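The values are calculated or read from the model by the stated rules, or taken from the named source; none is laboratory data. Owing to the predicted nature of the structure, the values given are computational and were not obtained by experimental measurement. Note: ideal-geometry Cβ built from the backbone for every residue, glycine included; neighbour counts use all protein chains shown.
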Amino acid sequence: MAQLTDHHQYLFLGKITGSLTAEEARELNELFARDNTALQAYEALVRQLPAEQVAVSFKHLETPGFWKNISGEIRERQGLSTKRKVRNVTMIVGLFALLAAGGWWLVPGSKRDSRPIAAYRPPAAGSVELRLANGSVVDLSKTRGRLQKDQLLLDNHDNTLSYEAAGQPNGDASAGAVTGLNSITVPPTMDYKLTLADGSEVWLNSASTVSFPTRFAAGKREVTITGEAYFQIARKPGQPFIIHLPGSTVEVTGTEFNVNTYDPAAVKIALVTGGVNLVAGATTMKLSPGQQGVAKNGRLTQEPFDARKVLSWRQGIFYFDGAGLDDISPVLGRWFGIKTQLDDPALADKRFVGALYKHRPLSSFLENLKAISLIDSYFDTKGVLHFTAGR
């Protein structure tokens, strides 16, 4: 067969998941009878899937809530009942995601003539940088162990920094805050953890910065964040924790939550435990656990959030469900240090389900994207990753 079409893929996956109608099953059998390469392509797909999953026809994909349906991603076919349509779409979208996340995918009967993905060479790793209030800089990626810099005693071990003011026990606010702010900047491809003077912990995602004093003042604790961070705040009655964000502020009493300011025009706060107040201008909104607050254009809104999607970056996983390349490309930039470009504007309309793994080769993700969606990719001489329609 010259090319494995989207409809052929639909029939193959439907056969594996047991979700074909009688008419579709007859169509697939007729295809196998007249085209041996189609049968070979199907058998190649089955061989690349886990045997135990094929044996039970991926029945676990039918578990309520296992996969969410993406409306419009797979065309509704005439003659299917509404229940059957939803079942087909849900199971096949789920299998697409499973194939992408697990690194499995089919090998078509004949390879397409599109150009191969260029070998990806990771850019030189940057350094996590600590800039002290006096302007001096410490390379935390190279300087490890215990050392003293300016008014700080530093302990940099296992991708984590803790500190205290020289001559003062950690967390002692009686001496007042040291003048000026320190900052930690985490470059693309990396992440880092900071333990503040009061014992609060901050996990920083790639391309993020936190600014903080050496000691907190007695009345309140304040830091500033850009990028993304997960906070676990130490409880200090009478000392509220304040986080300054682009265009908004978070007031905390003792809690765990995620802050995302990658898009400064739409700051997001996802509360895991405890309670926070999100403040934008004269408006204040109290969040409850399981709710995400969004500050956008001076307005505050909130809605439930999917913890797997919002928090999985700490495990180096970005889950996407109905995402476009415009959603995925910024993550590629932060996690792999690359710029991207869409050569075909029509690709912006495509939507995907799956996962991107920070600590796996980028080539695996690009190959899966090509197999699933016929989207080819290549690096130009400047290292820019281009997405183009596959052939």
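For every residue, the table says whether it meets (1) farther than 25 Å from P188 by Cα; (2) free of Cβ contacts under 8 Å to residues at least 60 places away in the same chain; (3) in a strand (DSSP E or B).
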| position | (1), (2), (3) |
| --- | --- |
| N277 | yes, yes, yes |
| T284 | yes, yes, yes |
| V294 | no, yes, yes |
| T301 | yes, yes, yes |
| L311 | no, no, no |
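When the range 333-374 is filtered for residues that are of a type in the set (D, E, K, R) and in a helix (DSSP H, G or I), the ones remaining, listed by number, are R334, D349, E367, K370. Being crowded, with 17+ Cβ neighbours inside 10 Å and closer than 16 Å to K268 by Cβ is a property that F336 lacks. For the range 314-332, the tally of residues that are out of contact with any strand residue (DSSP E or B) (no Cβ under 7 Å at 6 or more places or on another chain) and either free of Cβ contacts under 8 Å to residues at least 24 places away in the same chain or part of a helix (DSSP H, G or I) (or both) stands at 3. Here are some residues: A234, A229. Which one is part of a strand (DSSP E or B) and not acidic (D, E)? Step by step, each of A234, A229 is checked, and only A229 is part of a strand (DSSP E or B) and not acidic (D, E). Among residues of the range 16-42 being modelled with pLDDT under 80 and in a helix (DSSP H, G or I), the one that is farthest from A371 (Cα to Cα) is N36. Within the option set T283, T340, being under 30 Å from T224 (Cβ atoms), of a type in the set (S, T, Y) and assigned by TED's automatic domain parsing to the domain that holds R235 holds for one residue only, T283. In the range 267-282, the condition of being surrounded by 22 or more Cβ atoms within 10 Å (Cβ to Cβ) and over 24 Å from the mean Cα position of the chain (by Cα) is met by no residue. Listed conditions (1) modelled with pLDDT of 85 or more; (2) more than 26 Å from S127 (Cβ to Cβ) are all met by S373, apart from (1).
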